[in-house]
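Inspection log for the structure reproduced underneath, given as structure tokens.
Only the coordinates and a few stated rules stand behind these numbers; no lab work does. On a predicted model such as this, the values are computed, not experimentally measured, just so you know. Ideal geometry is used to build each Cβ from the backbone, glycine not excepted, and the neighbour counts take in all protein chains shown.
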Amino acid sequence: MRAISLLLPVSLLLLAPSVGAQSGNYPINDDASITRVEVTAQPPAFRISDYQQDAVSGVYDLSNGWRLTVGPAGDGIRAMIDKRRPIRLIAQSPDRFVSRDGNVIMEFNRGDSGDDMMMSYVPRSNSDSRVAQMIVVTAKMAQR
């Protein structure tokens, strides 16, 4: 009986060297690509003055036929496309505004005359959710 109880510890000691070999560093294949994702927080809102808000306020004729009306609102602007619900955008600089969810970005004072703007947005309804989309629309100032 005593010999059988000694057999178990001895067999574990014999297996120990092969277990130690498995705990080494896993070799990285040089041909394999490593994917890395970094997530950063959105920068804090830029303190925009009334003068800077007025500089981007006005009516814009978008390149896709829509009409965009922009006006001041708190720490950013309020943008309304045609007669749809207004979108609040937070200032990141005097010329760049972003929606809280990050789906809409507007950049103003572009082009030679400084009257152009660019809006990029992620469409709400995406029939193929496996494909990422971003729509970019440009505009000229129609009236202040």
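Here are a few things to note about the model shown:
- For the Cα trace of segment 53-99, dividing Rg by the Kirkwood Rh returns an Rg/Rh value of 0.95.
- The charge dipole of segment 50-143, taken about its Cα centre with unit charges on the Cβ of Lys, Arg, Asp and Glu (plus for the first two, minus for the last two), comes to roughly 500 debye.
- Footprinting exposure proxy ranking of 46, 97, 108, fewest other C-beta atoms within 10 angstrom first, gives 46, 108, 97.
- For segment 50-143, the alpha-carbon radius of gyration amounts to 1.06 times the rule-of-thumb value 2.2 N^0.38 Å expected for a compact globular protein.
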